[in-house]
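Visitor: Here you go, one structure.
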Amino acid sequence: MSESKSQLPKAILLDMDGVLYHGNKALPYAVDFIHQLATIPHVYITNNPILLPEAIAEKLERLGFPKPSKEQIITSGIATAEYLSSQKKDFSFYALGAEGLHNALLRYGTESEIDADYVVVGEGEGIDFDKLTVATNLIVAKGAQLISTNPDASVDAVCEDKKTGKPIRCIVPGGGALVAPLVVATGVKPITIGKPFPLLYEMALARLGLTAEDCLMIGDRPDTDILGAQKLGMPTALVRTGRFEAGAKLPNGVRPDFDVEHLHALSVGLGFS
Ligand SMILES: [Mg+2]
């Protein structure tokens, strides 16, 4: 991609974790970068189904970012709820995962452990043996369709150090890992919603009223953020501030248009600073 100002994208899609913050800490240059986007439409898309858009907007504000509207934030939880609603109006579901996923689904459907149309697996707390058993039987005996909010094997998080009790960086099982017990138990493959699958990008493009070629996707994971956008023909920028660090070799077939150490380097590349 040319780095001249005339090539500026009409809009920007951003991942958040590993791009703007880690846990509860804004990453260097991230707040300045978002301020530079004041006149460029931008939408945040995240595979994380744990928080609702309203809660993420508040988190961004708490970390020093300009507070986005809730329409600017698309989580895999909200995307799952909208997708299921488009497939079956007034659907019923049985969800495994944190409260934000249940609340997202409740905006469009009703929860049932008796005859759910869909078993939805997200991330976070709220997944245990009893729930896996209910879900397995809904799929096998009642024909419920298995839905996974996102395919991530693991995600970065903040955990309590078992020795000191202090918060430390850690990894926790992601949506792809958490749906695996049901895949094995039932022999059924899930429909997966999050990146690198197209739905989150398509929902963002619909909100922006633009095509993929007009936008730039900024993410920290080549296998999800970048690959998914690339498949749609959307220009991409990989920032190496997340799990994928400076010097790590790109997976085969992943070709970001910008491959930078941090958001300040991208800002220079785009001609913002
Ligand atoms: Mg990320």
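Visitor: Looking at region 1-119, what % of its DSSP beta bridges pair antiparallel, to the nearest 5? Numbers along the way, then the final one.
Guide: Numbers: 2 of 13 bridges.
Taking every DSSP beta bridge within region 1-119, about 15 percent pair in antiparallel fashion.
Visitor: Quick one: putting +1 on the C-beta of Lys and Arg, -1 on the C-beta of Asp and Glu, what dipole do you get for the chain around its Cα centre, in Debye to the nearest 20?
Guide: Dipole about the Cα centre, nearest 20: 280 debye.
Visitor: Each residue of region 245-255 in turn: what ³J(HN,Hα) in whole Hz from Karplus with 6.51, -1.76, 1.60 and θ = phi - 60°, glycine and Pro shown as x?
Guide: 8, 4, x, 5, 7, 5, x, 3, x, 9, 10
Visitor: Same structure, new question: Could you derive backbone 3J(HN,Hα) for region 103-117 from the dihedral phi with the Karplus parameters 6.51, -1.76 and 1.60 (θ = phi - 60°), listing whole Hz in sequence and x where the residue is Gly or Pro?
Guide: Each residue's phi maps through the Karplus curve to give 5, 5, 5, 5, 5, 10, x, 10, 8, 8, 9, 8, 9, 5, 6 Hz.
Visitor: Taking the Cβ of A157 as the centre, find all other residues whose Cβ is under 12 Å away and add up their charges (Lys, Arg: +1; Asp, Glu: -1). Before the final figure, lay out each step's value.
Guide: Numbers: positive: R169, R243; negative: D17, E123, E125, D152, D156, E160.
Result for the local shell: -4.
Visitor: Same structure, new question: Can you compute log10 of I(q)/I(0) for region 101-150 with the Debye formula, treating each Cα as one identical point scatterer, at q = 0.26 Å⁻¹?
Guide: -1.15
Visitor: Further, regarding this structure: Cysteines of the chain lacking any other cysteine beta carbon under 4.7 Å?
Guide: C215
Visitor: Around T136, under 14 Å between beta carbons, what's the net of Lys plus Arg minus Asp minus Glu among the other residues?
Guide: -1
Visitor: Same structure again: Per DSSP H run of n ≥ 4, the term is -39500 (n - 2.57); total these for the chain, divide by its residue number, and report the mean residue ellipticity at 222 nm rounded to 500 deg cm²/dmol.
Guide: Result for the chain: -9000 deg cm²/dmol, rounded to the nearest 500.
Visitor: Note the angle between two axes, namely the Cα long axis of helix 175-186 and the longest principal axis of the Cα atoms of the chain, as a number of degrees from 0 to 90, rounded to the nearest 10.
Guide: So the inclination is approximately 30 degrees.
Visitor: By count of other Cβ within 10 Å, fewest leading, how are M203, M16, M217 ordered? Display every interim value, and only then the final one.
Guide: Values: M203 17, M16 22, M217 27.
Exposure proxy ranking, most exposed first: M203, M16, M217.
Visitor: At a 10 Å Cβ-Cβ cut-off, how would you order L96, L199, fewest neighbours first?
Guide: Neighbour counts put them in this order, fewest first: L199, L96.
Visitor: Amide H neighbours of H262 under 5 Å, counting only residues 5+ apart in sequence or on other chains, H built in-plane at 1.01 Å?
Guide: R240
Visitor: Continuing with the same structure: Among rounded, prolate and oblate, which fits region 138-255 when a ≥ b ≥ c are the square roots of the eigenvalues of its C-alpha gyration tensor, a/c under 1.5 means rounded, and a/b larger than b/c means prolate? Mind showing how you got there, number by number?
Guide: On the way: a/c = 2.10, a/b = 1.09, b/c = 1.93.
Taking the square roots of the gyration eigenvalues as a ≥ b ≥ c, region 138-255 is oblate.
Visitor: Please report the spacing between the Cα centers of region 192-223 and region 225-256 in Å, no decimals.
Guide: Centre-to-centre distance over Cα atoms comes out at 13 Å.
Visitor: Return, for the Cα atoms of the chain, the radius of gyration and Dmax in Å, separated by a comma.
Guide: Considering the chain through its Cα atoms, Rg and Dmax are 18.8, 59 Å.
Visitor: Return the percentage of antiparallel bridges among DSSP beta bridges fully within the chain, rounded to the nearest 5 %.
Guide: Numbers: 9 of 38 bridges.
Here the share of antiparallel DSSP bridges comes out near 25 percent.
Visitor: Compare the peptides 250-258, 39-47 by average per-residue count of other Cβ atoms within 10 angstrom and give them in order, highest first.
Guide: Per-residue mean Cβ counts within 10 Å order the peptides as 39-47, 250-258.
Visitor: Of the listed peptides 55-63, 142-150, what is their order by residue-averaged count of other C-beta atoms within 10 Å, with the highest listed first?
Guide: 142-150, 55-63
Visitor: For region 53-68, take each phi angle, set θ = phi - 60°, evaluate the Karplus expression 6.51 cos²θ - 1.76 cosθ + 1.60, and give the result in whole Hz per residue in order, putting x for glycine and proline.
Guide: Calculated HN-Hα couplings, in order: x, 4, 5, 5, 4, 5, 4, 4, 5, 4, 7, x, 7, x, 6, x Hz.
Visitor: Given a Förster distance of 45 angstrom, what is the FRET efficiency for K25 paired with N137, based on the Cβ-Cβ distance and rounded to 0.05?
Guide: Calculated transfer efficiency: 0.60.
Visitor: Pairs K67/K231; K25/K89; K162/K231; K10/K59: which exceed 32 Å Cα-Cα?
Guide: K25/K89; K162/K231, as the Cα separations exceed 32 Å there.
Visitor: Under a cut-off of 14 Å between alpha-carbon atoms, report the aspartates and glutamates in cross-link reach of K70, not counting same-chain residues fewer than 8 places apart.
Guide: Here the aspartates and glutamates satisfying the reach criterion relative to K70 are E54, E58, E61.
Visitor: Ok, one more. Order these by the 10 Å Cβ neighbour count, fewest first: R221, R169.
Guide: R169, R221
Visitor: May I ask you to derive the FRET efficiency for Q7 and I191 from their Cβ-Cβ distance with R0 = 30 Å, giving the value to the nearest 0.05?
Guide: E between Q7 and I191, to the nearest 0.05, is 0.25.
Read the figures in this text as sums done on the coordinates, not as results from a lab. Just so you know, these numbers come straight off a predicted model, no measurement behind them. Counting neighbours? That spans all protein chains shown, and the Cβs are built from the backbone with ideal geometry, glycine included.
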